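I have placed the structure first, in the form of structure tokens, so that the comments after it can refer back to it.
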Amino acid sequence: MGYMGFGMNKDVYTRKPRKPSKKLRELFEAELRGKISNPKNGKQNFTKDEIEQVKRKIRKNIKLNKIKNVTIYFITTLLLFSLFWILINKNHLS
């Protein structure tokens, strides 16, 4: 048996762990594949500068996406709060 806090779900504590940075690794590999000069031989010998440049570019894109998501969240929350406030005041004054 295993830890009972999982509600008797054996698959929860027997499944294989996933690699921690699988998504980022896939992004890095996809970006670097686009820089292969000779795709026929399949050699992927990149300099450290090229790899760091790709990592910086992807990190920058991820950071911009997070900023956009937070901004959209706050604007949506503000709009909902103001709509709620208007409805409360409208019903309260009537």
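Miscellaneous remarks
- Estimated FRET transfer efficiency (ASP49, ASN69; beta-carbon r; R0 25 Å; 0.05): 0.25
- Taking other residues whose beta carbon is less than 12 angstrom from the beta carbon of ILE58, and scoring Lys, Arg as +1 and Asp, Glu as -1, yields +4.
- The distance between label points at PHE81 and GLU29 comes to 4.4 nm (points 7 Å beyond Cα on the Cα→Cβ vector).
All of the numbers you see were taken from the coordinates with simple rules; none came from a lab. It should be emphasised that the depicted structure is a prediction, and the values quoted were computed from it without experimental measurement. Please note: Cβ atoms are built from the backbone with ideal geometry, for glycine as well, and neighbour counts cover all protein chains shown.
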